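Undergrad: This structure is in structure tokens; I'll ask about it shortly.
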Amino acid sequence: MITHNTIGDVLPRVIDGRRVIAAIVNNMVAPLSAPVMGDPEFEPLTRSCAYGIDVYQSTLFFLLAACAAKIAPGAPFRVRYSLGSSFYCSWDGDVTALKRELLALVAADVPITVEIVPYSEAVSLFRAADRNDELNLLKHRNPPLVTISRCGDFRALHQQVLAPSSGAADFWDVLPAPGGLVLQLPSRAEPDVLPDLTEIMSDGRYLDVFRNHISRAAITGVASIGDLNQVILEKRFDEYVRVVETLQRRDLARIADSIVARRPAVRLILVAGPSSAGKTTTSVLLCTHLRACGLKAHLMSTDDYFVGDARNPRDENGKLDYETVEAVDRERLAADMNALFAGEAVHLRKFDFRRHDGYDEESETRLEKDSVIVLEGIHALNPLLTSGIDDSLKFRLYLNALTQLVVDSCNRISTTDTRLIRRLVRDFSYRGMSPIDTFRLWPNVSAGERKWIYPYQRHADAVFNSALDYELAVLKPFALQLLNQVKPWDREYLEARRLSGILHNVSLASPDAVPGDSILRESIGGSQLAY
């Protein structure tokens, strides 16, 4: 039976002092304005919920874009990168005026609505408002009807579920930053606390990496998904891929140069980053760059020093915890490294992942003159891992996939989503895992990253961006067939539909243009590198 009640009519307005801004209904995030269909179960969402914080962030992105368009219509505003729970945005306008406008919009509690208009009308609306990102997306679509999000006079293509009104975005701050601003937001874990960004803002390295990657749009002419779609349409994709790959190699070459500049002191290069960031390929390519500089680079993995299931720690639920640093035999690792640096021959460790146990290599390894070791692994930057090795010997490299492409001004492509799409494809192709398996494992992977990787990125001597701005166009056909396997009755359907929505914006491109030594080959196969 269909009723005329909306979801908002049947849910409380406030839970634990926080406004209800959306709901999960039938394994889908739904706006409060949606009608109640049948007799479903509702899960109200506030900013303290896993998907509620996503709705809250998306709402503020939308409102911030609306204020930027009002203050400086000709100044492109784009939400770019996460800084923990906060976000760096590029914008050339007056940040103080923007904050004042956003405060006024929130205080006015203006309704945020969804409109469905004919395609031609949507094009006319966005053309009149000089909204090029939306126009570029529509250029590569032809639906008879277009769904639009609206607040006052501001409109954008409907991409995400938003709160019902601007007043729901009641806890945030806007801070000036080089080349733009930082939208300071709470985290799900601490929904009523704004994070301290003093260390991040004062460091400057990450903002430099962000701005450097954003500047690539001036070289490639591709700053949004719409721009990428146009490149594909005009059959310029192969050349674009070559340029993107070359720009990334130049960054890695500069890092190799900085390592060489610290020789002969540096003997150990530590490479860390989250899942599917491309650690393995990056490490192999870094070894090549170092060899081109006259060094003898030896690649090793911390995985080979796992203690094995018999000694592996267990989590609070009694399950084997492979994410903890205690899963690595740190004493043996330090002993082998120090022996190598002293010129001794060593039987290095290897790990058999089928038996979940380690063994000594039969052959001995001895370092030659001008040799360095590149050691990759999720714990590589954790001081505990290499506490038995002299710090003066180390160079620390952190990498992550920080794409500069945006969907439009108020919809970004997150680092986490890029890595999750990479991992879905890789897990299915090389680990025999279904997409549901990957989705169910991902929260534990993410929790491990928050505990064991992100806190130590500040120790890095260099940061490498492993994103490839073309990759979603290549990953799309691989990922969609996997996401379509997840059905509405599966809890993971919510995530599958969300990722499908992102990929819906992207045109397809052939993997043939991807070089054999590209980071992307870790996911799609066909790598020419020996791992």
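The values are calculated or read from the model by the stated rules, or taken from the named source; none is laboratory data. Here the structure is a predicted model, which is why all the values come from computation and not from measurement. Counting neighbours? That spans all protein chains shown, and the Cβs are built from the backbone with ideal geometry, glycine included.
Undergrad: Is region 428-442 home to any residue that is in the same structural domain as residue 269 (by TED's automatic domain parsing) and in contact with a His (Cβ under 9 Å, 6 or more places away or on another chain)? Spell out the reasoning first.
TA: At the first step, the residues of region 428-442 found to be in the same structural domain as residue 269 (by TED's automatic domain parsing) are 428-442.
This time we only want the ones that are in contact with a His (Cβ under 9 Å, 6 or more places away or on another chain), so: none.
The answer is no, given that none of the residues of region 428-442 is in the same structural domain as residue 269 (by TED's automatic domain parsing) and in contact with a His (Cβ under 9 Å, 6 or more places away or on another chain).
Undergrad: Report whether or not residue 469 is part of a loop (DSSP other than H, G, I, E, B), assigned by TED's automatic domain parsing to the domain that holds residue 258 and among the acidic types (Asp, Glu). Spell out the reasoning first.
TA: Values: part of a loop (DSSP other than H, G, I, E, B): yes; assigned by TED's automatic domain parsing to the domain that holds residue 258: yes; among the acidic types (Asp, Glu): yes.
So residue 469 passes the test.
Undergrad: Same structure again: Enumerate the pairs (first residue in region 245-268 and closer than 21 Å to residue 367 by Cβ; second residue anywhere and small (Gly, Ala, Ser) and part of a helix (DSSP H, G or I)) with beta-carbon separation below 6 Å, excluding pairs fewer than 6 apart on the same chain, so at least 6 apart or on different chains.
TA: Listed by first residue and then by second, the contacts come to 265/392.
Undergrad: With region 266-353 as the region, which strands (runs of 3 or more DSSP E) entirely inside it contain at least 1 residues that are out of contact with any helix residue (DSSP H, G or I) (no Cβ under 6 Å at 6 or more places or on another chain), in the same structural domain as residue 518 (by TED's automatic domain parsing) and more than 30 Å from residue 514 (Cβ to Cβ)? Walk me through it before giving the result.
TA: On the way: elements: 268-272, 296-301, 349-352.
Strands (runs of 3 or more DSSP E) meeting the threshold: 349-352.
Undergrad: Sticking with this one: Given 255, 200, 232, which one is closer than 22 Å to residue 78 by Cα and assigned to a helix (DSSP H, G or I)? Break it down stepwise before answering.
TA: Values: 255 fails: closer than 22 Å to residue 78 by Cα; 232 fails: closer than 22 Å to residue 78 by Cα.
Just one listed residue meets the conditions, 200.
Undergrad: Criterion first (within 28 Å of the chain's Cα centre (by Cα), under 24 Å from residue 457 (Cα atoms) and at pLDDT 95 or above) does residue 333 satisfy it? Give the steps one after another, and end with the answer.
TA: Values: within 28 Å of the chain's Cα centre (by Cα): no; under 24 Å from residue 457 (Cα atoms): yes; at pLDDT 95 or above: yes.
Here the answer is no, as residue 333 does not meet what is asked.
Undergrad: Give me a count of the residues in region 160-202 that are under 19 Å from residue 450 (Cβ atoms) and either surrounded by fewer than 19 Cβ atoms within 10 Å (Cβ to Cβ) or modelled with pLDDT under 80 (or both).
TA: 11
Undergrad: Which of the residues belonging to region 368-379 are within 17 Å of residue 351 (Cα to Cα) and either surrounded by fewer than 23 Cβ atoms within 10 Å (Cβ to Cβ) or not β-branched (Val, Ile, Thr) (or both)?
TA: 375, 376, 377, 379
Undergrad: Filter region 87-111 down to the residues that are of a type in the set (S, T, N, Q) and either modelled with pLDDT of 95 or more or more than 26 Å from the chain's Cα centre (by Cα) (or both) and list them by number.
TA: Applying the first criterion (of a type in the set (S, T, N, Q)) to region 87-111 yields 90, 96.
Correct list: 96 only.
Undergrad: Give me the pairs, please: first residue somewhere in region 63-90 and without any contact (Cβ under 8 Å) to a residue 40 or more places away in the chain, second residue anywhere and in a strand (DSSP E or B), beta-carbon distance under 9 Å, and either six or more positions apart or on two chains.
TA: If the second residue must be in a strand (DSSP E or B), the pairs left are 67/154.
Undergrad: Exactly one condition in (1) free of Cβ contacts under 8 Å to residues at least 12 places away in the same chain; (2) of a type outside the set (A, V, I, L, M, F, W, C); (3) touching a strand residue (DSSP E or B) at 6+ places or on another chain (Cβ under 9 Å); (4) outside any helix (DSSP H, G or I) is false for residue 208; which is it?
TA: (4)
Undergrad: I'd like the residue in region 484-516 that is over 18 Å from the mean Cα position of the chain (by Cα) and buried (at least 21 other Cβ atoms within 10 Å of the Cβ) and, out of all such residues, is farthest from residue 400 (Cα to Cα).
TA: 486
Undergrad: Continuing with this model, one more query. Taking residue 299 and the conditions (1) of a type outside the set (D, E, K, R); (2) under 19 Å from residue 523 (Cβ atoms); (3) at pLDDT 95 or above, which numbered condition does it fall short on, given that it satisfies the others?
TA: With respect to (1) of a type outside the set (D, E, K, R); (2) under 19 Å from residue 523 (Cβ atoms); (3) at pLDDT 95 or above, residue 299 is out only on (2).
Undergrad: Sticking with this structure for a sec: Evaluate the following for residue 441: is it at pLDDT below 95 and crowded, with 24+ Cβ neighbours inside 10 Å? Don't jump to the end; show me each part of the working.
TA: Details: at pLDDT below 95: yes; crowded, with 24+ Cβ neighbours inside 10 Å: no.
Against the criterion (at pLDDT below 95 and crowded, with 24+ Cβ neighbours inside 10 Å), residue 441 does not qualify.
Undergrad: I've got another one for you. In this structure, is residue 329 over 23 Å from residue 266 (Cβ atoms), of a type in the set (D, E, K, R) and crowded, with 19+ Cβ neighbours inside 10 Å? Don't jump to the end; show me each part of the working.
TA: Details: over 23 Å from residue 266 (Cβ atoms): yes; of a type in the set (D, E, K, R): yes; crowded, with 19+ Cβ neighbours inside 10 Å: yes.
Yes: the conditions hold for residue 329.
Undergrad: Pick from 10, 36, 29, 20: which is under 24 Å from residue 413 (Cβ atoms) and aliphatic (A, V, I, L, M)? Steps first, answer last, please.
TA: On the way: 10 fails: under 24 Å from residue 413 (Cβ atoms); 36 fails: under 24 Å from residue 413 (Cβ atoms); 20 fails: under 24 Å from residue 413 (Cβ atoms).
Sole residue among the options that is under 24 Å from residue 413 (Cβ atoms) and aliphatic (A, V, I, L, M): 29.
Undergrad: Checking the structure you have, find out if any residue of region 460-483 is of a type in the set (Lys, Arg) and closer than 27 Å to residue 322 by Cα.
TA: Narrowing region 460-483 to residues of a type in the set (Lys, Arg): 476.
If we keep only those that are closer than 27 Å to residue 322 by Cα as well, we get none.
No, that holds for no residue.
Undergrad: Among the listed residues 36, 114, which satisfies the condition of being in a strand (DSSP E or B), of a type in the set (A, V, I, L, M), more than 25 Å from the chain's Cα centre (by Cα) and more than 17 Å from residue 162 (Cβ to Cβ)? Before you say what the answer is, go through the steps one by one.
TA: Values: 114 fails: more than 17 Å from residue 162 (Cβ to Cβ).
Exactly one of 36, 114 is in a strand (DSSP E or B), of a type in the set (A, V, I, L, M), more than 25 Å from the chain's Cα centre (by Cα) and more than 17 Å from residue 162 (Cβ to Cβ), namely 36.
Undergrad: How many residues does region 123-151 contain that are modelled with pLDDT of 95 or more, closer than 18 Å to residue 65 by Cα and small (Gly, Ala, Ser)?
TA: Here the count works out to 1.
Undergrad: Which of the residues spanning region 377-423 are among the charged types (D, E, K, R) and under 30 Å from residue 134 (Cα atoms)?
TA: Here is the first cut: in region 377-423, the ones among the charged types (D, E, K, R) are 390-391, 394, 396, 408, 412, 417, 419, 422-423.
Passing the criteria: 408, 412, 417, 419, 422, 423.
Undergrad: Follow-up question, since we're still on this one. Here is a list: 180, 152. Which entry is within 26 Å of residue 126 (Cβ to Cβ) and in contact with a strand residue (DSSP E or B) (Cβ under 7 Å, 6 or more places away or on another chain)?
TA: Details: 152 fails: in contact with a strand residue (DSSP E or B) (Cβ under 7 Å, 6 or more places away or on another chain).
Just a single option satisfies the conditions, and that option is 180.
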